[in-house]
Amino acid sequence: MKKNKKFDNISALNIVQGVQKPDIVNPYIDFSQLRQQPLQSVEDYMRHIRTGDRVGLSQAITLIESNLQEHSTLSQQLIEACIPFAGKSIRIGITGMPGAGKSTFIEIFGKYLTKMGRKLAVLAIDPSSGRSKGSILGDKTRMEELAADQNAFIRPSPSAGTLGGVARKTAETLIVCEAAGFDTIIIETVGVGQSETEVKNMVDFFLLLTLAGAGDELQGIKRGIMEMADAILINKADGDNIARAELAKTQINNALHLFPPLPSQWTPKTMTVSAQQNKGIQEVWLMIDDYVNFTKKSNYFAKNRIEQSKERFHQYIRDTLYEKILSAPDIQAKIHSLEKQIQQQTMSVYAAGREILEAWKNGVN
């Protein structure tokens, strides 16, 4: 067969270069800070935490998040050691529907705070895989510049199957971050409408981020979330979206008048912002500062934290008892047996539950 010289240099293996892939590593990270052998004692952890060592802080949080029994005692001792240095921050909860721009807003807002000289910790709660318990979204990699800021610390944590979607150890992590000197803590929720109540019970100020032009704004926000919010921000209020954002602001303000007053007696504020264009960011912080001054003057700020501590106390008892019951080998065998009866519909779930509680009460463990 005669060759066609026109195609001599053409191969099916030649591939168009296409778009260059971005680096998989955050270019802002200083890897010289990464080290080090695992810390062994509460004193070691506290030394690194109190001197602002972010790697040591990360190791402390990993210890607290661990479910291994051998880590439990040390982590509890560490939390107790941190408590005298905690409680001096402003705690802010941020939630919002997926796509509302929470990560972008937190990065821009966080950079504003660090430029003011504040030290910021962001505890970003991602939804978890039901199988691996690991993070599904992992979108906190978007906060590249804030993650590299020496006055900021970002800790993404999977919700790990916890009821309500909030990472189980978030409250303890918050205490450790405060002991490390962070004076502003942001807790970002999953944003799927389940975790807001738990986060509200951890923070001083609760912020709802939403959008205009995404359909009926009031239809897209659950009433329960709006009732908890101390402020509602309509994000992406720029360009052609400004008029829609102002209309959404009016609609939300009208809806807020129908809700009962907040326990703090604070009147919820509605604002339009554009994180992308850095518009309204300063006003958001001034509003939060006004809220803190208002609630401290009325003594609600301190009372609210006491009530939150009491709720965590009860939650700790519930969680610990639940774990102890399930971890007893004989109880596990009994649960397995009762599950079969429930499956065969020979016993109700309530009767089975009472049997487990009676077995625990009578010392089957």
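Within region 94-120, residues that are more than 17 Å from Ala148 (Cα to Cα) sit with their Cβ atoms under 7 Å from residues that are surrounded by fewer than 17 Cβ atoms within 10 Å (Cβ to Cβ) and of a type in the set (Gly, Ala, Ser), at 6+ positions apart or across chains, in these pairs: Met97/Gly220. Against the test of being within 30 Å of Ser72 (Cα to Cα) and modelled with pLDDT of 90 or more, the options Gln344, Gln308 yield a single qualifying residue, Gln308. Checking the condition loosely packed, with under 11 Cβ neighbours inside 10 Å, under 25 Å from the mean Cα position of the chain (by Cα), at pLDDT below 85 and not in a helix (DSSP H, G or I), which residue from Pro22, Pro27 passes? Result of the check over Pro22, Pro27: Pro27. For region 278-292, the candidate set comprises residues that are without any contact (Cβ under 8 Å) to a residue 24 or more places away in the chain and over 16 Å from Ala229 (Cα atoms); within that set, the residue that is surrounded by the fewest Cβ atoms within 10 Å (Cβ to Cβ) is Leu286. For region 308-318, a residue qualifies if it is without any contact (Cβ under 8 Å) to a residue 60 or more places away in the chain and either touching a His at 6+ places or on another chain (Cβ under 6 Å) or within 15 Å of Met202 (Cα to Cα) (or both), and the qualifying residues are Ser309, Lys310, Phe313, His314, Gln315, Tyr316. Those residues that are loosely packed, with under 14 Cβ neighbours inside 10 Å and in contact (Cβ under 8 Å) with a residue 24 or more places away in the chain, I need them from region 261-277; list them, please. Listed by number, the residues that qualify are Pro263, Gln265, Gln277.
Given the structure, is Thr267 of a type in the set (Ser, Thr, Tyr) and in a helix (DSSP H, G or I)? Judged against the criteria, Thr267 is not a match. Based on what the data block shows, is Leu258 surrounded by fewer than 18 Cβ atoms within 10 Å (Cβ to Cβ), in contact with a Pro (Cβ under 8 Å, 6 or more places away or on another chain) and in a loop (DSSP other than H, G, I, E, B)? It is false that Leu258 is surrounded by fewer than 18 Cβ atoms within 10 Å (Cβ to Cβ), in contact with a Pro (Cβ under 8 Å, 6 or more places away or on another chain) and in a loop (DSSP other than H, G, I, E, B). For region 293-303, indicate whether the set of residues that are surrounded by 13 or more Cβ atoms within 10 Å (Cβ to Cβ), in contact (Cβ under 8 Å) with a residue 12 or more places away in the chain and of a type in the set (Lys, Arg) is non-empty. No, that holds for no residue. The condition (being surrounded by 23 or more Cβ atoms within 10 Å (Cβ to Cβ), assigned by TED's automatic domain parsing to the domain that holds Ile94 and modelled with pLDDT under 90) is satisfied by just one residue among Thr210, Thr197: Thr210. If the condition is being outside any helix (DSSP H, G or I) and more than 25 Å from Asn67 (Cα to Cα), then region 318-361 contributes Gln344, Gln345, Thr346, Met347, Ser348.
The values are calculated or read from the model by the stated rules, or taken from the named source; none is laboratory data. Because the structure is a prediction, the values reported are computed rather than measured. Positions of Cβ are generated from backbone atoms using ideal geometry, with glycine treated the same way; all protein chains shown enter the neighbour counts.
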